[in-house]
Amino acid sequence: KIGIPSNHLVHPNPRFGTNFVDYVQINYVEGIRQAGGVPIILPMGDPNDAETYLDSVDGLLLTGGQDVPPQLYGDEPIRELGETDIYRDQFEIALIKAAQAAHKPVLGICRGQQIINVALGGTLYQDIYVQQGTKLQHGQYPTAGEIPTHSVTATDGSWLQQNFGKRFLTNSFHHQAVNKLGQGLKNTGVADDGISEAIESGDGLLFAVQFHPEMMFKVHPEFVKIFQWVVDRT
Ligand code: MN
């Protein structure tokens, strides 16, 4: 049972009007199913209830979405910062801490990597182009999501290297990234500009990628292995 904390819609839209909904993109759900797990969507909730939610699942998948607000790692917002949602951040950070206390595995994808890093005391680039200065394209939209566009080099001996090889191609839809690493985390995948594309924890219970396997696996089935990582550790 893999818990997937939801995102929520807080802007009026044609389908739901102002009947706001909590939601998870179906490809994350399908990725967990493909890996043999049972996905369980957790509606955004009170951080004080995180332990109770965590008790009902064997692991977590943290998905993509909004930017992480810099206040959470001691920085002030720059103009390039996108939409943030502190309620989502607080709930997910509480879930990560509950999972760590219970020794349950946590997989992060995109924003999931960023929020794990911040939960463990790390920092982010609010905008990699302005703050890190990269010229590499990490936002491939409108190029289709299943098309890989940039290379990743994996660290020798890492789970990523053992499962994807020393160097592989992936997609990229982000403008934030890990800067200073949180406690116990290692960079195990980097793009050619040095931007972190994967982190793993020393205890083997946290793993996160900056790219989007949920957009890749239907065309490139090896990306199911990312979802397999969390299902295999339950
Ligand atoms: Mn990238």
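Brief remarks follow.
- Residue within segment 149-170 that is in contact with a helix residue (DSSP H, G or I) (Cβ under 6 Å, 6 or more places away or on another chain), in a loop (DSSP other than H, G, I, E, B) and touching a residue at least 60 places away in the same chain (Cβ under 8 Å) present: no
- Filter pass, E76 being among the acidic types (D, E) and free of Cβ contacts under 8 Å to residues at least 24 places away in the same chain: yes
- For segment 175-234, the set of residues classified as part of a loop (DSSP other than H, G, I, E, B), among the basic types (K, R) and within 24 Å of L72 (Cβ to Cβ) consists of K180 only.
- Meets criteria (more than 16 Å from the chain's Cα centre (by Cα), under 21 Å from L206 (Cα atoms) and acidic (D, E)) for D22: no
- Residue list for segment 188-207, filter: closer than 19 Å to V118 by Cβ and more than 13 Å from the ligand (Cβ to nearest atom): T188, I199, E200, S201, G202, D203, L205, L206, F207
- Residues being among the hydroxyl-bearing types (S, T, Y) and either more than 17 Å from H175 (Cα to Cα) or touching a Lys or Arg at 6+ places or on another chain (Cβ under 8 Å) (or both) - total across segment 194-230: 1
- Restricting L72, L60 to residues that are modelled with pLDDT of 95 or more, crowded, with 17+ Cβ neighbours inside 10 Å and over 15 Å from Q176 (Cβ atoms) narrows the list to L60.
- Condition check for R33: among the basic types (K, R), part of a loop (DSSP other than H, G, I, E, B) and out of contact with any His (no Cβ under 8 Å at 6 or more places or on another chain): no
- In segment 123-144, residue nearest to M215 (Cα to Cα) [restricted to those that are among the hydrophobic types (A, V, I, L, M, F, W, C) and either within 13 Å of the ligand (Cβ to nearest atom) or under 16 Å from the mean Cα position of the chain (by Cα) (or both)]: L136
The values are calculated or read from the model by the stated rules, or taken from the named source; none is laboratory data. Bear in mind the structure is a predicted one, so any value in this text is a computation, not a measurement. Glycine also receives a Cβ, built like all others from the backbone with ideal geometry; neighbour counts cover every protein chain displayed.
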